[in-house]
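*Asks:* Once you've had a glance at the structure underneath, I'll fire off some questions.
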Amino acid sequence: MRNEALCSALGLAQRAGKIAAGDFACEKAVKSGKALLVTVDASASEVTRLRYEGMCARGGIPCLCVEDMDAAIGRYGRKVAAITDGGFARMILQKTHGGVD
């Protein structure tokens, strides 16, 4: 899914320091319960996508596939990111479902 408002919200969360980006940091956030939402870049391998979808399903965490996620957060090459703030997680989920700001 590619949406300018969604990418903008991801960028805001990154600038606020509320994102754990990269495989190790994201997995640690999910397993410790700090992750409230996980985003996977659309260009990530199927193995990576399935791994995080399964991990999130077990933890009851929403998992989104986002086009150009790495560019949105300004961390090129990162294929996964965990949002660790409830306000940002809600805002990003609203952007994906066309919710009202």
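*Asks:* Starting from the Cα of ASN3, step 7 Å along the direction of its Cβ; do the same at ARG15; then give the gap between the two resulting points in nm.
*Replies:* Calculated label separation equals 2.0 nm.
*Asks:* Once amide H atoms are built 1.01 Å from N in the peptide plane, which residues 5 or more positions from ASP85, or in another chain, come under 5 Å H to H?
*Replies:* LEU36
*Asks:* Can I ask one more? So in the chain, which Cys have no other cysteine's beta-carbon sitting under 4.7 angstrom from theirs?
*Replies:* CYS7, CYS26, CYS65
*Asks:* Same structure again: Give the relative contact order (percent, whole number) for the chain; include only Cα pairs under 8 Å separated by 6+ residues. Working shown, then result.
*Replies:* Details: 156 pairs, mean separation 42.9, N = 101.
Here the relative contact order equals 43 percent.
*Asks:* Lysine pairs in the chain 8 or more apart or on different chains: how many have alpha carbons under 18 angstrom apart?
*Replies:* Details: LYS18/LYS28; LYS18/LYS31; LYS18/LYS34; LYS18/LYS79; LYS18/LYS95; LYS28/LYS79; LYS31/LYS79.
Taking the chain as the scope, the lysine pair count is 7.
*Asks:* OK, next. Mind putting a number on the dipole of the chain about its Cα centre? Charges go on the C-beta only, +1 for Lys and Arg and -1 for Asp and Glu, and I need it in Debye to the nearest 20. Mind showing how you got there, number by number?
*Replies:* Values: 14 positive and 11 negative charges, 72 e Å.
Dipole about the Cα centre, nearest 20: 340 debye.
*Asks:* Of [x] 15.7; [y] 14.1; [z] 13.0, which one was derived for Kirkwood radius over Cα pairs in Å from the structure shown?
*Replies:* Step by step, Kirkwood radius over Cα pairs in Å for this structure corresponds to label [z].
*Asks:* Please work out the FRET efficiency for the pair HIS97 and ASP68, using the Cβ-Cβ distance as r and a Förster radius of 25 Å; give the result to the nearest 0.05. Don't skip to the answer; put the middle values down first.
*Replies:* Numbers: r = 19 Å, r/R0 = 0.77.
Calculated value: 0.80.
*Asks:* Quick one: if you stick a label point 7 Å off each Cα along the C-beta vector at LYS28 and GLU53, how many nm between them?
*Replies:* Once both label points are built, they end up 2.7 nm from each other.
*Asks:* Ok, one more. Just want the answer: with Cβ charges of +1 for Lys and Arg and -1 for Asp and Glu, which residue in GLY22, ALA5, GLY60 is farthest toward the dipole's positive end in the range 4-96?
*Replies:* About the Cα centre, the residue reaching furthest to the positive side is GLY60.
*Asks:* So, one more: Based solely on C-alpha atoms, express the radius of gyration and the Dmax of the range 5-63 in angstrom.
*Replies:* Final numbers for Rg and Dmax: 11.3, 30 Å.
We did not get these values from a lab; they are worked out from the coordinates using the rules stated. Quantities reported herein were computed from a predicted structural model and do not represent experimental measurements. Here Cβ is always computed from backbone atoms with ideal geometry, including for glycine, and neighbour counts include all displayed protein chains.
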